[in-house]
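Worksheet for the structure shown next.
Read-outs: derived from the displayed coordinates by stated rules, not from any lab. What you see is a predicted model; the values in this text were computed from it and never measured.
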Ligand code: B12
Ligand code: SF4
Ligand code: SF4
């Protein structure tokens, strides 16, 4: 799939990352030179990372590639296992270190994505992309000791600014989007209930209500897969009173 930064001239390393990940649906989502306040960890040898490259996926290609490679959805976290192996392969080829998006301690990956540019905060917390809408995520960040020459991200306007009705905010049957933040217990309680079938089998209704990037919406199987992972994770947190080792969604 075409990388999100194709419109601008790339540093050779960014193109190399996309080349190494070709056919997986993973691609470079943005990059930046970190400042101390960005909270990027130091490298294993003690040096500071000079460049952070975000890698993730958008729309349908990653799920298609994953299902071709892994026809049986069995074992623990099959998608994470498959994605992480590709990230590790790319990082090893480039001499980079990886920060995984959903492994603890959770990196502030959404703040990093906002810094890299091209995405905006939506009213439901998920970052919105002008083309992909809410159908994109970040799988990890590659940390480089060297300063890569980075292309300037073209400035984009947030689609939310001109979205008068904001259907994402009214679509949730559990009213999980509260002014004080996302009420995950209300969400998961609903998804587990008999009335929550639409969310459980097709994915979050609030996400699906957004008119932006609909062509990139996940297929129901992927929506259900991620929703089941969110339910498992949150149920585990509620039952144990603490967060697990991975976000797992
Ligand atoms: C814990 C977690 C959850 C928890 C709790 C979520 C919550 N909103 O509190 C659960 C399991 C419920 C969850 C659910 C989902 N999540 Co989640 N989650 C995370 C995870 C692993 C850690 C979040 C965190 O605390 N980070 C640490 C802090 C320090 O980092 P941060 O960048 O500062 O992030 C927080 C702030 O930006 C804060 N924030 C700052 N300003 C503002 C302003 C507003 C208005 C809001 C609402 C929030 C907000 O919200 C962030 C998350 O809490 C992140 C990955 C990550 N590393 O961030 C994914 C992540 C945020 N999740 C993601 C997704 C897609 C989802 C789901 C849509 C999955 C699904 N099945 O459909 C749902 C939707 C829930 C929702 N509307 O928020 C994506 C979002 C991608 C994007 N385009 O922005 C992320 C980035 C993972 C990824 N692989 O890309 N998630
Ligand atoms: S429905 Fe409108 S306000 Fe909500 S995320 Fe989509 S564009 Fe933004
Ligand atoms: S999954 Fe369903 S209950 Fe949870 S936030 Fe989305 S619409 Fe609301």
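At a glance:
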quantity: Helix 220-240 vs. the chain, principal-axis angle (Cα, 0 to 90°, nearest 10); calculated: 80
quantity: Rotationally averaged projected area of the range 102-249 (alpha carbon convex hull; nm²); calculated: 10.2
quantity: Cα point-scatterer Debye curve for the range 12-144, base-10 log of I(q)/I(0) at q = 0.10, 0.12 Å⁻¹; calculated: -0.32, -0.46
quantity: Highest-fluctuation residue, 60, 166, 76 considered, GNM on the chain with Cα pairs under 10 Å; calculated: 76
quantity: The chain: Cα Rg divided by the 2.2 N^0.38 Å rule of thumb; calculated: 1.01
quantity: Convex hull volume per residue for the range 81-132, taking Cα atoms only, in Å³; calculated: 125
quantity: Shape of the range 167-239, Cα gyration tensor, a/c cut at 1.5; calculated: oblate
quantity: Within a Gaussian network of the chain (alpha carbon springs, distance under 10 Å), most fluctuating of 40, 83, 70; calculated: 70
quantity: Helix-only CD estimate at 222 nm, as mean residue ellipticity for the chain, using -39500 (n - 2.57) per DSSP H run (n ≥ 4); calculated: -10500 deg cm²/dmol
